[in-house]
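Right, one structure below, let's go through it.
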Amino acid sequence: DGAFLSVRDLFVRFDTEDGVVKAVDGLGFELERGRTLGIVGESGSGKSVTNLAVLGLHDPRHTEIRGEILLDGQELTGAPESVLEKLRGNKMAMIFQDSLTALSPYYTVGRQIAEPYRKHTGATRREARQRAVEMLDKVGIPNAALRVDDYPHQFSGGMRQRAMIAMALVCDPELLIADEPTTALDVTVQAQILDLLKELQQQTGSAIILITHDLGVVAHTVDELLVMYAGRAVERGTVHEVLSEPRHPYTWGLLGSMPLLDSDVEEPLVPIPGTPPSLLNPPPGCPFHPRCAHVAEVGGDRCRTERPELPPGRGAACHLPAARQRTAFPQQQTKP
Ligand code: SF4
Ligand code: MG
């Protein structure tokens, strides 16, 4: 018996014209039904790549995937496309950042929600249309029975995002992957969409992975948090643990560089110096060392030569002594 979703020793490598990109480099995490895992990190940290691997959406001609992805006991790594296609939209579904790319401009919203339902359940057109109305109503579209025949451009940005959620949830997926689902929306609508996801999760007991670069978004939405850097997990814990007692210097940088949604205090925001490393040629040792202010504190060449491992459970992949990890971050930066 294992977790509902279990990812172990995942490696994702892309063959590019410039060489092999190590997009995900030995990642592991677990997720239970009814729980939400947040994955945070800058763009290029491997968050989206990991989840496209779970969904089996990488082009196999240019991608090498190694490791284990077990969904409800079923191995997805190397599963044939026919198997993955039956799972996608049915047992697992995805909400994208941009509803305009996920929704086709040529078909009505209702038809785009009804179509995957017909495909996976064998429902009739009439039943599927009724289901589309129900789903639009469920995600809070007023006058759903009338709006079901609208085209995406007749919806506002927030309504399109809701329609995309309706499309993702139409077959009651047990795993929902939401990749930056609210980035394009204003703060009020963001909060509404995140509340909606939570509410739907309470009704269905689905597992959710929420991918974001915004720690403000995760605070109220997720149970556990995985912080990714350069294709690796650098810190893991409950959302409360990570936000109130972050242990990895990269997480300290993230928290110091962005406002939290509920913070009343105007903190001076400090960007993390430098840029994320090239994954064509990642730095040896700790991948964060070229940007880290604590290399001298660890001493010797350790940060530059020895790769820190993420311990199981709560912890950070960093050579700093545990006591130092626990006390180095000024608490008042996260909580007023
Ligand atoms: Fe910084 Fe060294 Fe810790 Fe990496 S291992 S985060 S370089 S202190
Ligand atoms: Mg992304």
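Show me the helices (runs of 4 or more DSSP H) entirely contained within the range 95-181 in which 2 or more residues are of a type in the set (A, V, I, L, M) and more than 19 Å from Leu196 (Cβ to Cβ).
In the range 95-181, 144-147 are the helices (runs of 4 or more DSSP H) which contain 2 or more residues that are of a type in the set (A, V, I, L, M) and more than 19 Å from Leu196 (Cβ to Cβ).
Can you tell me which residue among Ser82, Ser45, Ser6 is of a type in the set (Ser, Thr, Tyr) and under 14 Å from the mean Cα position of the chain (by Cα)?
Result: Ser45 is the single residue among Ser82, Ser45, Ser6 that is of a type in the set (Ser, Thr, Tyr) and under 14 Å from the mean Cα position of the chain (by Cα).
Count, please, the residues in the range 285-308 that happen to be part of a loop (DSSP other than H, G, I, E, B) and either modelled with pLDDT of 95 or more or under 11 Å from His319 (Cα atoms) (or both).
Adding up the residues that qualify gives 11.
Which pairs have Cβ atoms under 6 Å, sit 6 or more apart or on different chains, and link a residue in the range 36-56 that is under 14 Å from Val24 (Cβ atoms) to one that is more than 16 Å from ligand 1 (Cβ to nearest atom) and assigned to a helix (DSSP H, G or I)?
Pairs that qualify, where the first residue is under 14 Å from Val24 (Cβ atoms) and the partner is more than 16 Å from ligand 1 (Cβ to nearest atom) and assigned to a helix (DSSP H, G or I), are Ile39/Lys47; Gly41/Lys47.
Which residue is farthest from ligand 1 (Cβ to nearest atom), if the candidates are limited to the range 315-328 and must be part of a loop (DSSP other than H, G, I, E, B) and touching a residue at least 12 places away in the same chain (Cβ under 8 Å)?
Ala328
Starting from residues that are touching a strand residue (DSSP E or B) at 6+ places or on another chain (Cβ under 7 Å) and among the polar types (S, T, N, Q), keep the ones in the range 1-39 and report whichever is farthest from Glu309 (Cα to Cα).
Thr36
Looking at the range 295-314, which of the residues that are surrounded by fewer than 18 Cβ atoms within 10 Å (Cβ to Cβ) and touching a residue at least 24 places away in the same chain (Cβ under 8 Å) is farthest from ligand 1 (Cβ to nearest atom)?
Among residues in the range 295-314 that are surrounded by fewer than 18 Cβ atoms within 10 Å (Cβ to Cβ) and touching a residue at least 24 places away in the same chain (Cβ under 8 Å), the one farthest from ligand 1 (Cβ to nearest atom) is Gly313.
Looking at (1) out of contact with any Phe, Trp or Tyr (no Cβ under 8 Å at 6 or more places or on another chain); (2) among the basic types (Lys, Arg); (3) farther than 20 Å from Glu174 by Cβ, find the lone condition where Arg8 falls short.
Exception for Arg8: condition (3).
Mind listing whichever residues of the range 100-122 are at pLDDT below 90 and either under 16 Å from Val148 (Cα atoms) or not polar (S, T, N, Q) (or both)? Break it down into steps so the answer makes sense when it comes.
Within the range 100-122, the first condition is being at pLDDT below 90, and the residues that meet it are 100-102.
Matches in the range 100-122: Leu100, Ala102.
The values are calculated or read from the model by the stated rules, or taken from the named source; none is laboratory data. Here the structure is a predicted model, which means the values were calculated and not measured. Please note: Cβ atoms are built from the backbone with ideal geometry, for glycine as well, and neighbour counts cover all protein chains shown.
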